[in-house]
Structures are given as C-alpha cells and as structure tokens.
Amino acid sequence: MSAVNHLSDDQRMLHESAGAFARTLAKRLVNAIDHPWRQLWPEFAQQGWLSVLDPVDEGGFGGSFVDQALLAAALGEQIQSTPFMVSGSTASLTLRYGSGAWLQRHSQDVRSGRLRIALASEETPLDPMGASIRTHAERHGDGYRLSGAKRMILYGGDAEAFFVSATTDEIGPAVFIIPAASHGISVDAYRLIDGTQAADICFESVLLPSSVRLQLSGEDAKQVIDEAIWSSTFLAVSEGLGCLETSLEATKNHLSTREQFGRPLSASQVLRHRLADIYIAIEELRSLILAAATAGGWRERSTALSAAKIQLGHAGIWAIEQCVQLHGAMGVTEECAVGQALKRMTVLDRLFGGADFHIGRLSEDMLRGPS
C-alpha cells in the first residue's frame, strides 16, 4: 500500500513507522532459531498495531481498513510471516464482544499482547471461509462442553487461546475464546512451505465456563465469525501487495545491474514491457484492496475482497513468477528475495480460499441478485 502520494499525513507517518518496525522485526526473525511469538507479540501491541481500528477514546488509533492494510503491506515488503494476519483481528473482536467476567480478567492481557488469540474457523479444505460449522457446544451445568476439530490454524501451536466458531442447540452459532491449556485439547503443529507455523486442533469434550462465550448468538455471532475471516483475508491480500512491491523493486534492480552482450538487461525493450505488465498487475491489486477497504455494506465489502483475492491468485501469482524468471536460476534459491516471495505468495493465495473458490463465491452472489 505504499502509493504514498495518495496517503494522508497520518497515514504517511503510519506507513513509515510500520516499515521501520517491520524491518527491525525481519532482522530479528532471521537470526532466531525459532520464532518466539510469546516474546515478540507484545511488541505489536506496543506499536499500536492491535488497536488501529479501536476508537481514540478507548486508547486506539481510530483508524480505517486502509490503515490496517498499510501495516500488513509493511510486513509483506519484508516477505515475513507473522500472526498479525489472524491474531490482530481476533484481539479487536474479543475486546469488543467479550463477556463481563472474562473480559474484566483478561482484557489487559489481550491489549498488551500477553494473551494472543488464534483464529480457529476452518474445518475442511472445501470450506476455507468457515461457512459450515460442525464443532458443537452443548450445555453442561452452568457452562458448555465443546467437541469438534479445526484445521489450518495459523500460529495456533503456541497461541494462548483460540477464537473458535461452534454451533449450540439453544442459540445457534456462537463464538468461544478457549484457553489453549484447557483439558481435552490436542494440537498437531506443522509448518507451511514458507515457514508459517500452523496447527490442526481437536477438541474432545472440552468443559468451558459460560464467560468464555462472546455475548452474541445466532446471526450476530455468525456475522462476527465472518468479520474475523474477512479481516484475516483482507490482511492476507494486503500483505501480498507488499510482497509484490518488494519483488518488483528487486527485479528492476537486478535487470539494471546484470549485463549481457555489454549492456544491462534493462536495456531490452521486451524486458521493460514485462516490468510494465507486472506493475499494472500490482496496481490493479492495489485498487481492488482499496475498494474492499472503503466499500459500504457487508455484501459490497465481501464482493470486493473476493475480487481482490482473485487478482492475487491469478495476476499476483503470475507477477511473482515473472519476477523469478527474470532473475534466472538465482531466483529460486533460498538466498534470493523473490524466491522467498514466491513461496510466501503461494501460501497467501491458498489461505482463506484460492482464486477458483472466490470466483465461485462471486458467481453465487451474482445469481442471488441485488439484496
């Protein structure tokens, strides 16, 4: 989102500070044997990243989705995977809709980053947006007994709690903030091709107090679940934009410095046209992200985001592949930034549904007609 000419003064300062933090974070993560998110996540809170959408009178930035996109793009520019994509949105929603007793006890931990909440919504690869919920919570005394399974929980292996969608007999869909240390939880942690930490989690008759359920039910709870997934998807696409911008810049520098037959590769008109095509693909993605960030109603936001996800999966993947090709064989090495970017972009494309999935969503939306 670094088309700085179109940013306000506040957004320009946010972009600069986010970039500085992301660069520092990336250097620390390169030297870390493992990514110690229990130590690093509070720094996101200190930078104000977890409260960018919160009102100013509640200690937040009072920002917009465009501001959130700037933060995610800054991480993307460093080609760095972090929990911000999912845990940033769950923190804000938990503070907004959490119940009295639980919120009073843990709100400061969430705000300070001492308690990181991972989004647990996906149950099957065929439903990456978590529309169908099979995890079930039944009444058990004054609380609930929850059973089910969630897959592809990003950074779920070392999270302190999970933002879990479930169904109930009495109120329909519901959201539970489940402590990771609860009895009956088994975690199968693994890494994706770009090094992103993920986990599949099984809940077997997990006993929960009523206070861990967000005080929403039915369609209101479903809307919050959808909002958490929308926000995570939006940040994934925004991160992809930053990743592409870095890759384009690296490719331009490579073509300017590498010589063939006594002149730089950038002197070739064919290669200059290829760079122009990559630039156009990136700008189209930027426009679709801005459309999603500024859309009015929920349906418009959802439609615009699906369009951006399609652009990321088609033109975005094409663009990063072109960057790799223009680097030659060195483009697929571990040491080359565009090689790392290709792996990161591949993951971002598949998270929360690939291009084909979102084409299907848009088709269904068109068949429904105007709301």
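Quick check for me: using +1 on Lys/Arg Cβ and -1 on Asp/Glu Cβ, what's the dipole size of segment 148-193 about its Cα centre, in debye to the nearest 20? All intermediate terms of the calculation are to be shown ahead of the outcome.
Working: 3 positive and 5 negative charges, 46 e Å.
Charge dipole, segment 148-193, about its Cα centre: 220 debye, nearest 20.
Given the choices (1) 24.0, 97; (2) 21.1, 80; (3) 20.1, 64, Rg and Dmax of the Cα atoms in Å derived from the coordinates of this structure is entry (2). Within the shell defined by Cβ-Cβ distances under 13 Å, the residues around ALA181 carry a net charge of -2, with Lys and Arg each +1 and Asp and Glu each -1. For segment 321-371, the Kirkwood hydrodynamic radius from C-alpha pairs, put into Stokes-Einstein at 4 °C and a viscosity of 1.567 mPa s, yields a diffusion coefficient of 99 µm² per second.
Could you please rank SER81, SER87, placing first whichever residue has the fewest other Cβ atoms within 10 Å of its Cβ?
On the way: SER81 24, SER87 29.
Least to most surrounded, the residues fall as SER81, SER87.
Remark: segment 355-366, residue by residue, has Karplus-estimated 3J(HN,Hα) of 4, 4, 4, 6, 4, x, 4, 5, 5, 5, 5, 5 Hz, where x stands for each Gly or Pro and the curve is 6.51 cos²θ - 1.76 cosθ + 1.60 at θ = phi - 60°.
For SER231, what is the net charge nearby, where nearby means another residue's Cβ is under 13 Å from its Cβ and Lys, Arg count +1, Asp, Glu -1? Cβ neighbours under 13 Å give a net charge of -2.
Explain nothing, just the number: relative contact order of segment 117-216, from Cα pairs under 8 Å at least 6 residues apart, as a whole percent. Show your work: numbers first, answer last.
Numbers: 231 pairs, mean separation 31.2, N = 100.
Rounded, it is 31 percent for segment 117-216.
Amide H contacts for ARG258 (H built 1.01 Å from N in the peptide plane; partners 5 or more residues away or on another chain; cut-off under 5 Å): LEU265. For segment 200-213, 3J(HN,Hα) computed residue by residue from phi via the Karplus equation (6.51, -1.76, 1.60; θ = phi - 60°) reads 9, 10, 10, 10, 10, 6, 7, 7, 10, x, 4, 5, 7, 8 Hz, glycine and proline entered as x. Evaluating 6.51 cos²θ - 1.76 cosθ + 1.60 at θ = phi - 60° for every residue in segment 62-77, the Karplus couplings come out as x, x, 10, 5, 4, 5, 4, 4, 4, 5, 5, 5, 4, 5, x, 4 Hz, glycine and proline recorded as x.
Take HIS6, project a point 7 Å from its Cα along the Cβ direction, then tell me which residues of segment 251-287 have their backbone nitrogen under 13 Å from it. Inside the label zone: 280-287.
Which GluC sites (Glu not before Pro) from segment 159-252 combine a DSSP loop assignment with at most 14 other Cβ atoms within 10 Å?
Working: sites: GLU160, GLU170, GLU204, GLU219, GLU227, GLU239, GLU245, GLU249; in loops: GLU160, GLU170.
Filter output for segment 159-252: GLU170.
Taking all Cα pairs closer than 8 Å and separated by 6 or more residues, the relative contact order of the chain comes to 16 percent.
Using the per-residue mean of other Cβ atoms lying within 10 Å as a proxy for protection, in what order, highest first, do the peptides 284-295, 304-315 fall?
On the way: 284-295: 19.6, 304-315: 24.1.
For the peptides 284-295, 304-315, the packing ranking is 304-315, 284-295.
When the chain is described by a simple charge dipole with +1 on each Lys and Arg Cβ and -1 on each Asp and Glu Cβ, the residue from LEU154, PRO264, VAL187 located farthest towards its positive end is PRO264.
Report, to two decimal places, the Cα Rg of segment 117-216 normalised by 2.2 N^0.38 Å (N = number of residues). Numbers along the way, then the final one.
Details: Rg = 13.0 Å, N = 100, 2.2 N^0.38 = 12.7 Å.
Working it through for segment 117-216, the quotient is 1.03.
Read-outs throughout are calculated quantities, based only on the coordinates presented, and are distinct from any laboratory measurement. Remember, predicted model here, so these are calculated numbers, not experimental data. Cβ: placed from backbone, ideal geometry, glycine included. Neighbour counts: every protein chain shown.
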